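A short worksheet on the structure shown next.
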Amino acid sequence: MAMQNYLVIIFIGYLFVVLCGYWLRFLNLGYLKKHGTDIPSGFEGHIDEELLKKTKEYTLEHSRLDLIESVLNNILLLVFLFGGLLNLYNSWISSLRLPFIVSGTLFFILLSYAGTVLSIPFGLYSTFKIENKYGFKTITSKLWITDFLKSLLLSTCLMGIVLSVVFLIIHVSPHYWWLWVWGFFLLFSLFIMYISPYVIEPLFHKFTPIGEERLEEKIKELMRKVNIKISKVFTIDASKRSRHTNAYFTGIGKVKRIILFDTLLENMNHDEILAVLAHEAGHWKNKHILKQIVFLELISLIGMYISFRILQTDFLIDLFQIQPDTLFAKLVILGFIGSIVSFPFSPLSNYISRRFEKEADAFAVKLIKDSESMTRVLIKLSKDNLANLHPHPLYAAFYYSHPPVVKRLEYLRNLSH
C-alpha cells in the first residue's frame, strides 16, 4: 500500500511539473497576443507593426507545434512507465540473454531510436512548413535526409561507445562506479569539445577562410587586446540550411578558432561583427564556460552518488513492479523522477546564465568602446530571426538563458551613460 502511495505522489508530481510548464507557456503566448504589435523601447525607427505581426505569428506557430509535440511525448512517456510498457520492453531485452554490457547498450540505443522516430514529423513540419513560410528555410530535402542519416549514425556510434564504457565500469567496479563514471563523462565531454571542430562539425558544414583580410586582421587585433590567440577565422555555409545568423568560438585552452555564419557576414558590417565577437570574448575572459563546467560537474558528482545509493536498493523496481530486476529499467525510472526533482532548479541555472550574458555585454562595450554597434547587432539579430520581443517576465525568468533583448538594450543604454 505504501508503494502505491509513492507511485501516486510521483504521478501527481510529474503532472504538476508538466502543468506548470504549460501554464507558463500559455501565460507567455497570451502576453504576446496582447502586446505583440507594440513597438518596444529601443526599437523605435527600426521595426514596424507589420514585422512585429510577422514575428508574433512565427512565434505562435512554433509554440503550437512545440505544444503538440510536448503533449504527445508526455502521454507516451506516462503510458510507457505507468501502463506496463517499460516492464514488457525490459522483459524482452532480458529474454535475449545478451551479456550485461551489450544488453545495456542495446536497451538505451533502441529507446533513443524510438524518440528520434517520434520527433521526425515535427522536425519536418517545423523546417519545411513553418521555417519555409517565414523565409528561413534554404535546406533541400536531399540535404535534410543526408544530415539526418549522418546525425543518426554519429549519435549511434557515440552512444554505443559511451554506454559500453559506462556499463563496463559498472561491471568492473560495482561499489565505486559512480565516481569512475562521473570522471569518464567529464573526460569524454572535454574530448568531444576538442575534436568537434575538426571531426564532427566538418561532417555537416564546409569551413573556409573568411576571405576578407582586413576583417580577419581586425578580429585578431581585437582578440590580441585581451590575450586571446586566434588560430583561424572561418566562415561556414550555414545559408545552405537556414537564413538564421550566428557566430561562435571553438577550441580548448589558449588558442581559439572563430566561426562566422556566412549569413552573419552578409547582414552585418565589420563593427557589428567585432561587437559580436567581443561579446564572445567576454565569456572566455570572465571564465563563464569554465565556471559553468565546474558548477555542472559538481552537481553531476552529487547527483551521481545519490543515484548510486538509490540504485543499490530495490525501491524503484518494487515501485513500478518491474520483472526481471535490471539496472537498465532502474535508470529509466530514476531519470523520470530526476526530471521532476530538477524542475525547480531550472530558473536558478538560467538566472546564472543571464548574469553571464550581462557581464559579457559589459565586457564587449568596454573592449570596443562602442555600445551602439552592440545595440545595432541585437536589433538586427532580433529582426532577422523574428525573435519574440514581448516574452512574459515570469516565462523569461524561468526559461530564458539570455536576458530578453529589450532588457539588454536598456542595459546597454545605461552602460553608455
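Just so it is clear, none of the values below were taken in a lab; they were calculated from the coordinates. All values reported here derive from a predicted model rather than from experimental measurement. All Cβ positions, glycine included, derive from the backbone under ideal geometry; neighbour counts span all protein chains shown.
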Report summary line: Candidate cut points under GluC sites (Glu not before Pro) in the range 39-141, DSSP loop plus at most 12 other Cβ atoms within 10 Å of their own Cβ, are Glu44
Requested in this report: Could you order peptides 72-81, 3-12 by the average number of other Cβ atoms within 10 Å of their residues, highest first?
Outcome: 72-81, 3-12
Report summary line: If every Lys and Arg gets +1 and every Asp and Glu gets -1 at its Cβ, then about the Cα centre the range 12-75 yields a dipole, in debye to the nearest 20, of 280 debye
Report summary line: One finds the C-alpha centres of the range 96-161 and the range 27-42 to be spaced, in Å, by 35 Å
Requested in this report: Rounded to the nearest 10 degrees, what's the angle between the helix 141-172 long axis and the longest principal axis of the chain, both from Cα atoms, 0 to 90?
Outcome: 50 degrees
**Report entry** Karplus-derived HN-Hα couplings along the range 259-274 (A = 6.51, B = -1.76, C = 1.60, θ = phi - 60°), whole Hz, x at Gly and Pro
**Finding:** 10, 10, 5, 4, 5, 5, 4, 6, 9, 10, 7, 4, 4, 6, 5, 5
Query raised in the report: Among the lysines, which fall within straight-line cross-link reach of Lys407, defined as a Cα-Cα distance under 22 Å, with same-chain neighbours fewer than 8 residues apart omitted?
Result: Lys33, Lys34, Lys53, Lys54, Lys56, Lys358, Lys366, Lys369, Lys380, Lys383
Report task. Under 16 Å from a label point 7 Å along Cα→Cβ of Glu49: give me every residue in the range 2-36 with its amide N that close. Result -> 33-36
Report task. Taking the Cα centre of the chain as origin, sum charge times position over the Cβ atoms of Lys and Arg (+1) and Asp and Glu (-1), and report the length of that vector in debye to the nearest 20. Result -> 520 debye
Query - Mean Cβ neighbour count within 10 Å, used as a protection proxy, ranking 342-351, 386-395 highest first - result: 386-395, 342-351
Report task. Would you check the range 100-239 for Lys pairs whose C-alpha atoms are within less than 24 Å, ignoring same-chain pairs closer than 8 in sequence, and give me the count? Result -> 17
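Given N residues in the range 282-417, what is its alpha carbon radius of gyration divided by 2.2 N^0.38 Å?
1.48
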Query raised in the report: By how many nm would the segment from Thr37 to Trp23 lengthen if fully extended, with 0.36 nm per residue of separation less the alpha-carbon distance?
Result: 2.8 nm
**Report entry** Distant-in-sequence amide H partners of Thr235 (H built 1.01 Å from N, under 5 Å)
**Finding:** Thr208, Ile210, Leu260
Report summary line: For 276-285, 96-105, 144-153, ranked highest to lowest by mean beta-carbon neighbours within 10 Å, the order is 276-285, 96-105, 144-153
**Report entry** Calculated on alpha-carbon atoms, Rg and Dmax of the range 56-193 in Å
**Finding:** 19.1, 55
Report summary line: The helix 213-224 Cα axis meets the longest alpha-carbon principal axis of the chain at an angle in degrees, between 0 and 90 and rounded to 10, of 70 degrees
Query raised in the report: Mean 1/r over all different Cα pairs, inverted: what Kirkwood radius does the chain give, in Å?
Result: 24.3 Å
Report summary line: Computed, not fitted: 222 nm per-residue ellipticity of the chain from DSSP H runs ≥ 4 (each -39500 (n - 2.57)), nearest 500, equal to -24000 deg cm²/dmol
Query raised in the report: Out of residues 5 or more away from Asn388 or on other chains, whose amide H comes under 5 Å of its own, with H placed 1.01 Å from N in the peptide plane?
Result: none
